1. Is it the case, given these coordinates, that THR70 is assigned to a helix (DSSP H, G or I), polar (S, T, N, Q) and within 20 Å of the chain's Cα centre (by Cα)?
2. Can you name the number of the only condition in (1) small (Gly, Ala, Ser); (2) closer than 30 Å to LYS53 by Cα; (3) modelled with pLDDT of 65 or more that GLY169 fails?
3. Within segment 72-129, how many residues turn out to be touching a helix residue (DSSP H, G or I) at 6+ places or on another chain (Cβ under 7 Å) and either of a type in the set (Phe, Trp, Tyr) or in contact (Cβ under 8 Å) with a residue 60 or more places away in the chain (or both)?
4. Among the candidates SER83, SER47, single out the residue that is among the polar types (S, T, N, Q) and over 20 Å from the mean Cα position of the chain (by Cα).
5. If we scan segment 139-161, do we find a residue that is surrounded by 15 or more Cβ atoms within 10 Å (Cβ to Cβ), modelled with pLDDT of 75 or more and of a type in the set (A, V, I, L, M, F, W, C)?
6. So which residues in segment 104-127 are over 19 Å from TRP140 (Cβ atoms), modelled with pLDDT under 80 and not basic (Lys, Arg), if there are any at all?
7. Here are some residues: GLY55, GLY60, GLY39. Which one is of a type in the set (Gly, Ala, Ser), assigned to a loop (DSSP other than H, G, I, E, B) and in the same structural domain as ILE15 (by TED's automatic domain parsing)?
8. May I ask you to say which residue of GLN98, GLN30 is loosely packed, with under 14 Cβ neighbours inside 10 Å, out of contact with any Lys or Arg (no Cβ under 6 Å at 6 or more places or on another chain) and modelled with pLDDT under 95?
Amino acid sequence: MSKGLSKTVILNTPIPPAGKETWLHDDLVQGLSVRIRAGRATTFYFSRRAHGKFGRLSLGTLEHLGSVETAREVARGHNRTISANGNPFADKAAHRAQAAKMMPTVETLWDDFRVNHVEARYKPTSAALCGYLWLHLKPWAGRRLGRDNPGRGGGAQEHAGGGPWRGDG
C-alpha cells in the first residue's frame with residue numbers, strides 16, 4: 001500500500017539545480033502533485049483533464065497550506081467538481097476575469113490621489129502640480145492595473161508592498 005506524499009518526503013527530496021524543477025505526484029489523490037524548485041520553493045498543483053482539456057491549478061505552497069492533507073482536501077474538492085460535470089479550471093478563469101473587472105484604472109487611482117493627497121496638502125500649487133502629473137499619467141488613463149496588464153517593468157505584481165491594485169488573481 002502506497003503512502004503518497006508527506007511533508008517528510010517533500011523535505012527530503014534533493015533540491016534541483018537552478019533553473020530545474022522536480023515534480024512529485026501523490027498516490028492517494030488523483031491529480032495532486034508538488035513542484036520543488038531550487039531554493040526549496042514547494043508549490044502544490046492540481047492537474048487533470050476536464051471536458052477534454054488538460055488544466056493545472058496552483059493550490060499554494062507547503063508553508064501557505066500548512067500540510068499535505070490540506071492540499072489533498074483541496075484536490076479532492078476539485079475532483080468532486082469534475083465528477084459532477086463541473087470544470088474547476090473554467091471557474092478559476094471566470095474568477096480571474098471578474099477580479100480584472102474590479103481592478104482600478106490608472107485614472108481612478110489618479111483621481112483618488114489628487115483629491116486625498118495633492119489638493120488636500122498643496123492647495124496653492126495643486127493645479128500646476130496636478131497638471132504636470134496628469135500630463136504623464138494621461139496615456140495610461142484607461143488601463144487597469146494587475147497581472148494581465150503589467151505595463152512597464154514587470155507590473156504591479158512585482159511590488160512587495162501590495163495594496164488594492166495588486167493583481168493576485
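1. Considered against the rule, which asks whether it is assigned to a helix (DSSP H, G or I), polar (S, T, N, Q) and within 20 Å of the chain's Cα centre (by Cα), THR70 comes out as yes.
2. Failing condition for GLY169: (3).
3. Here the count works out to 2.
4. SER83
5. Yes.
6. Residues satisfying the conditions are GLU119, ALA120, TYR122, PRO124, THR125, SER126, ALA127.
7. GLY39
8. GLN98
The values are calculated or read from the model by the stated rules, or taken from the named source; none is laboratory data. Bear in mind the structure is a predicted one, so any value in this text is a computation, not a measurement. Don't worry about glycine lacking a Cβ; one is built from the backbone with ideal geometry, like all the others, and counts go over all protein chains shown.
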